[in-house]
Amino acid sequence: MKKKILKYVSQSVLGMIGVSVYILADTYFISYGFGADGLTVLNLILPIYGLIYAIGQMLGLGFAVSYSLDKGRGESTDGYFLAAIRWCLIMSLPFVLLGAFLPEQLLGMMGADPVLAEMGKNYVRLIMCGSPLFMMNYVLLAFARNDHATGIAMVGALAGSFYNIVFDYVFMFPLGFGFPGAALATVGCPVISMLICLTHYISPKNTVGMKMENLNPHLLRRSSALGMSGFVGEFSFAVTSLVFNFMSLTLAGNVGVAAYGVIANIALVCTCIFNGVAQGMQPLISRSYGKGEKAEVASLLRTGLLIMFVTSALFLLLGILFAEPMVGIFNSQKDEALAYYAVPGLRLYFTGFLIAGVNVYLIAYYSATGREKPVMIGSILRGMVLIAGFAVLFGFLFGMNGIWLSYLAAEAGTLLVLLMMQRVSRDDLK
């Protein structure tokens, strides 16, 4: 089992790191080409990104968990994969229409002034028109992981990320496409990833059914609930970005938004690693739970929590020791105001990782074992309610430092509620 855990977790983490690295590449190239204004536009767009990714993660993870649980019980799961794909197409339609016809208005609602809206409108248009691709990519990756093809899922995610990094540069600079060039590279990323994942689905090793069945609202509701941890894991980034952008604009203007953009994109690497551990363990937990193997499930819970404790401590140490050089990578124009807010901000924000990893894993564990209530409440608390409330409260009380510390407060509050509402009992850990 230890070898299997290492295989699933390492491959899932590598795939998630690939996703975060291409986002960092976007940030770096945009900061290099467009400075603080470019970073501000990118950060104003992050909530839109987050919502698209959140829906894809909810559908991909949720339907994949339903697939593993029901397959472990011996039930028919032949229609689950295509149902998830079809729901992706349906739910992405509003994004496509908004991106095609109202990109400037959308940026204005996010807080962009006319100059920034003009700079970012074509970037937003391309990203939102590519939303079906982003959502479907989550489905293909999640089902591949749950069908013993974690290696292919990892290669797909890494290949897509590598493509994005290379073509970010090619489209933006040699070809002269500018800001929209970064969007073109990003939209191509899920295409590469899905093409690689398709090699599993057309191979003899594939056991995922491809039966076209009538769309089942009950299956959507159940799968959406089980995928809520994935949804909020992504959507929290959107909500946090929206609230932090508003508070940063209020307290420090555009440079405050740019500083948060730097911190958020660095922190995203850590969050992706947490999610990678959770997603790597999920198929093992769901499979063992579906078969009634309680001792295996307990062992997986203990192992995952230990990994999260160690990883969290490492992230905090890195944030404290290397805040200045990490911020410097995205401050190529040596903007003193940007560094003034971002360097101490990164150190304070990273204190939240002491608890965030445990919350991510507990919520993923409840999702993998089919416990919808703690998944829903825990995910909504940490991703929306508490982070927004503490950011506004602490921001007005303590300024920009309060905004950074709100992440720690939100994670601590979520953990307390989880332990009070659905404590990890001795039966879980035995």
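The values are calculated or read from the model by the stated rules, or taken from the named source; none is laboratory data. Quick caveat: nothing in here was measured; it's all calculated off a predicted structure. Positions of Cβ are backbone-derived with ideal geometry, glycine not excepted, and every protein chain shown enters the neighbour counts. Each accessible area value is taken on the protein alone, full model and side chains, heavy atoms only, with ligands, DNA and RNA left out. Shrake-Rupley method; radii C 1.70, N 1.55, O 1.52, S 1.80 Å.
In whole Hz, what ³J(HN,Hα) sequence does the stretch 116-123 give by Karplus (6.51, -1.76, 1.60; θ = phi - 60°), x for Gly and Pro?
My calculation for the stretch 116-123 gives 5, 5, 5, 5, x, 4, 6, 4 Hz in order.
Quick one: if you stick a label point 7 Å off each Cα along the C-beta vector at Met210 and Gln105, how many nm between them?
4.1
How far is helix 254-290 tilted, in degrees, relative to the longest principal axis of the Cα atoms in the chain, given as a value from 0 to 90 rounded to the nearest 10?
Value to nearest ten degrees: 0.
Could you tell me the center-to-center distance, by alpha carbons, between the stretch 290-321 and the stretch 322-363 in angstrom?
That distance is 23 Å.
With the radius of gyration and the Kirkwood radius both derived from the Cα set of the stretch 149-190, what is their ratio Rg to Rh?
Across the stretch 149-190, the Cα-based Rg/Rh ratio is 1.12.
Charges only on Cβ, +1 for Lys and Arg, -1 for Asp and Glu: so what's the dipole of the chain about the Cα centre, in debye to the nearest 20?
Charge dipole of the chain: 1560 debye, to the nearest 20.
Counting only protein heavy atoms and a 1.4 Å probe, tell me what percentage of the chain's accessible area is made up of carbon and sulfur.
69
Using helices alone, I'd like the mean residue ellipticity at 222 nm for the chain: each DSSP H run of four-plus residues gives -39500 (n - 2.57), total over residue count, nearest 500.
-29500 deg cm²/dmol
Can you list the HN-Hα couplings for the stretch 413-421, worked out from phi with the Karplus curve (6.51, -1.76, 1.60; θ = phi - 60°), rounded to whole Hz and with x for Gly and Pro?
x, 5, 4, 4, 5, 4, 5, 6, 7
Nearest 0.05, what FRET efficiency do Met421 and Ala295 give at R0 = 25 Å with Cβ-Cβ as r?
About 0.50, to the nearest 0.05.
Using a 1.4 Å probe and ignoring any ligands, DNA or RNA, find the accessible area of Val239 and quote it in Å² to the nearest 10.
Only protein atoms counted, so the area is about 20 Å².
So for the chain, taking the charge dipole from beta-carbon charges (+1 Lys/Arg, -1 Asp/Glu), which of Gly62, Gly176, Thr27 sits furthest toward the positive end?
Gly62
Can you figure out the FRET efficiency of Gln333 with Ile90, using R₀ = 51 Å and their beta-carbon distance, to the nearest 0.05?
After rounding, the FRET efficiency stands at 0.75.
Please report, in whole Å, how far the alpha carbons of the stretch 320-430 spread along each principal axis, starting with the longest.
54, 28, 18
Just to confirm the number: angle between the C-alpha axis of helix 2-72 and the first principal axis of the chain, 0 to 90 degrees, nearest 10?
So the helix axis and the longest Cα principal axis differ by about 10 degrees.
Would you work out the charge dipole size for the stretch 329-423 about its Cα centre, treating the Cβ of every Lys and Arg as +1 and the Cβ of every Asp and Glu as -1, and quote it to the nearest 20 debye?
280
Please work out how much accessible surface His148 shows to a 1.4 Å probe, ignoring ligands, DNA and RNA, in Å² rounded to 10.
Result for His148: roughly 110 Å² accessible.
Pairing the Cα long axis of helix 131-146 with the longest principal axis of the chain, what angle in degrees results, from 0 to 90 and rounded to the nearest 10?
So the inclination is approximately 40 degrees.
Between rounded, prolate and oblate, where does the stretch 220-282 land on the alpha carbon gyration tensor, with a ≥ b ≥ c its root eigenvalues, rounded for a/c under 1.5, else prolate if a/b exceeds b/c?
Oblate, because a/c is 1.5 or more while a/b does not exceed b/c.
Quick check for you: with a 1.4 Å probe and neighbouring chains kept, what is the accessible area per residue of the chain, in Å²?
39
For the stretch 364-415 and the stretch 125-204, what is the separation of their Cα centres, given in Å?
30
Once Rh is set to the Kirkwood radius over Cα pairs, what Stokes-Einstein translational diffusion coefficient, in µm²/s, holds for the stretch 226-382 at a temperature of 25 °C and a viscosity of 0.890 mPa s?
The diffusion coefficient I find is 146 µm²/s.
With a 1.4 Å probe and all protein chains in place, put Arg222, Arg125 in order of accessible area, largest first.
The most accessible residue leads, giving Arg125, Arg222.
Sort largest first and round to whole Å: the equivalent ellipsoid semi-axes of the stretch 120-194, each the square root of five times a Cα gyration tensor eigenvalue.
The three semi-axes for the stretch 120-194 are 26, 14, 5 Å.
Looking at the square roots a ≥ b ≥ c of the eigenvalues of the Cα gyration tensor of the stretch 160-239, which shape do they give, rounded for a/c under 1.5, prolate if a/b is larger than b/c, or oblate?
Oblate.
Return the tail of the calculated pair distribution for the chain, meaning the percent of Cα-Cα pairs more than 31 Å apart.
Considering the chain, 36 percent of its Cα-Cα pairs are separated by more than 31 Å.
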